[in-house]
Amino acid sequence: MAGSLKTEAIVLRTLRYGEADRILHLYTPNRGRIGAIAKGVRRARSRFGGRLEPFFRLNLVLYEGRSDLLTVTSAETVAPHARLREHVRALDAAARAADAVGRLFDTPDPNPAVYHLLANELALLDADPARHATQGNQLAFRLKLLLAAGLAPQLGGCAVCGEREHLSAFSGAAGGVVCGACEGAGFPLSEAAHTFMVEALGHSLAEAPTADDLALRQVERAILETAEHHAHLRLRPALSR
């Protein structure tokens, strides 16, 4: 049914369309991922100014007609995240976070927890780019996304046989850590990598744990393989250390 929709939204990405318009990929708390068109936004005197850009958090009024794309009729800034745009690593981290959300949650199903997780990640990157634009932060964010998607890896016991000791490997296909007897199904996972994943899921993003390079590489491989096997998609790699 045609009508207006008021919602908060985070701009995941934008695409030029025609001579002056722009297509927006948005993530909202109660409508999930949606697409919208901002008409005339690329004109010098556009009433939207520069606020319809990636990583802006906005209050929007959208017109919902017969098209799959909603039309932006009003936009007010909630958080511009201007500081992260001045820091190359933070900007890259924001792009990878938004891309991960767009890939894992690409439907209009509501998921307020994902919206607020992304909003929190962008706020951290904006508040202290040097501290939070790290590989550890990004991997912690992705682990929380997997949890929100119902894909969190099993970490408390072997995902194959249930054994709770000698957890020495990880299997994306099995969906978690595996013991020495079942490790043929996975790749070696250090104790530091295992600890990182447990702590990342148990703490806030602001308290994301740290680990050495080897552990972080193993954690990233665990995340990528989990997404590939169980969500059937490939996530972009996180920033390197």
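The values are calculated or read from the model by the stated rules, or taken from the named source; none is laboratory data. Quantities reported herein were computed from a predicted structural model and do not represent experimental measurements. Backbone-built Cβ (ideal geometry, glycine too); neighbour counts: all protein chains shown.
Once region 1-19 is narrowed to residues that are of a type outside the set (D, E), in contact (Cβ under 8 Å) with a residue 24 or more places away in the chain and surrounded by 14 or more Cβ atoms within 10 Å (Cβ to Cβ), the residue that is farthest from A82 (Cα to Cα) is L5. Are any residues in region 179-191 part of a helix (DSSP H, G or I) and buried (at least 17 other Cβ atoms within 10 Å of the Cβ), and if so, which ones? Once the filter is applied, which keeps residues that are part of a helix (DSSP H, G or I) and buried (at least 17 other Cβ atoms within 10 Å of the Cβ), region 179-191 yields C182, E183.
Within region 26-55, residues that are farther than 12 Å from A9 by Cβ sit with their Cβ atoms under 7 Å from residues that are assigned to a strand (DSSP E or B) and among the aromatic types (F, W, Y), at 6+ positions apart or across chains, in these pairs: I37/Y17.
Is there a residue in region 119-140 that is out of contact with any helix residue (DSSP H, G or I) (no Cβ under 8 Å at 6 or more places or on another chain), part of a helix (DSSP H, G or I) and closer than 18 Å to L235 by Cα? No, region 119-140 contains no residue that is out of contact with any helix residue (DSSP H, G or I) (no Cβ under 8 Å at 6 or more places or on another chain), part of a helix (DSSP H, G or I) and closer than 18 Å to L235 by Cα. Can you work out which of the residues in region 186-207 that are of a type in the set (G, A, S) and more than 14 Å from E220 (Cβ to Cβ) is modelled with the lowest pLDDT? Only one residue tops the list, namely G186.
Restricting A222, A215 to those that are in the same structural domain as A148 (by TED's automatic domain parsing), of a type in the set (A, V, I, L, M) and out of contact with any Asp or Glu (no Cβ under 9 Å at 6 or more places or on another chain) reduces the list to A222.
On the phi > 0 side of the Ramachandran plot, outside the structural domain of Q135 (by TED's automatic domain parsing) and either among the hydrophobic types (A, V, I, L, M, F, W, C) or not in a strand (DSSP E or B) (or both) - does that describe any residue in region 5-22? Yes - at least one qualifying residue is present in region 5-22. Give the residues of region 22-75 that are exposed (fewer than 14 other Cβ atoms within 10 Å of the Cβ) and acidic (D, E), sorted by residue number. Hit for region 22-75 is D68, nothing else. In region 73-94, the residue that is nearest to the chain's Cα centre (by Cα) out of those that are assigned to a helix (DSSP H, G or I) and in contact (Cβ under 8 Å) with a residue 60 or more places away in the chain is A93. Comparison of S240, S204 shows that the only residue that is in the same structural domain as H132 (by TED's automatic domain parsing) and exposed (fewer than 14 other Cβ atoms within 10 Å of the Cβ) is S204.
Screening the candidates S74, S4, S67, S46 for the property of being at pLDDT below 95, in contact with an Asp or Glu (Cβ under 8 Å, 6 or more places away or on another chain) and small (G, A, S) yields one hit, S4.
Taking the listed residues L15, L58, L26, the one that is modelled with pLDDT under 95 and among the hydrophobic types (A, V, I, L, M, F, W, C) is L15, with no other qualifying.
Among the residues of region 206-219, those that are among the aliphatic types (A, V, I, L, M) and over 15 Å from L239 (Cβ atoms) comprise A206, L214, A215.
Look at (1) surrounded by 13 or more Cβ atoms within 10 Å (Cβ to Cβ); (2) within 18 Å of A94 (Cα to Cα); (3) out of contact with any strand residue (DSSP E or B) (no Cβ under 6 Å at 6 or more places or on another chain) and you find that A82 fails only one, number (1).
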